[in-house]
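S.K.: The structure follows.
Computed from the coordinates by the stated procedures, all read-outs in this text should not be read as laboratory data. It should be emphasised that the depicted structure is a prediction, and the values quoted were computed from it without experimental measurement.
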């Protein structure tokens with residue numbers, strides 16, 4: 001079986017391979033790396049839920065930092081993404097509401 005170009009390169013340059021592995025490990029432990037893995041490994045249900053949230057968010061243009069789109073009647077309880085069921089609230093307020 002023939003080796004790929006990168007496999008040949010790393011076989012011939014072990015110090016470069018070690019450097020690459022260390023940087024990959026740091027990235028995987030970073031918040032960006034963790035978020036990437038969550039999105040990549042998300043189930044279809046999670047992807048659909050994320051898509052619905054994005055569509056609801058797109059109904060509001062230029063959402064200020066610190067605010068989120070809140071569903072008056074939650075989607076899980078039969079609510080919709082219609083404009084009449086969504087509103088802008090501070091994220092801290094929304095987090096308190098979710099903890100009830």
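S.K.: Which translational diffusion coefficient, to the nearest whole µm²/s, is obtained for the chain from the Stokes-Einstein equation, given a Kirkwood hydrodynamic radius over C-alpha pairs, 4 °C and 1.567 mPa s?
M.R.: 74 µm²/s
S.K.: Add -39500 (n - 2.57) for each DSSP H run of 4 or more in the chain, then divide by its residues: what number comes out at 222 nm, to the nearest 500 deg cm²/dmol?
M.R.: Only helices count here, giving -17500 deg cm²/dmol.
S.K.: If you don't mind, there's one more thing I want to ask. Helix 14-29 versus the longest principal axis of the chain: what angle, 0 to 90°, nearest 10, using Cα atoms?
M.R.: 10 degrees
S.K.: So what's the angle, to the nearest 10 degrees on a 0 to 90 scale, between helix 31-40 and the longest Cα principal axis of the chain?
M.R.: Rounded to the nearest ten degrees, it is 80.
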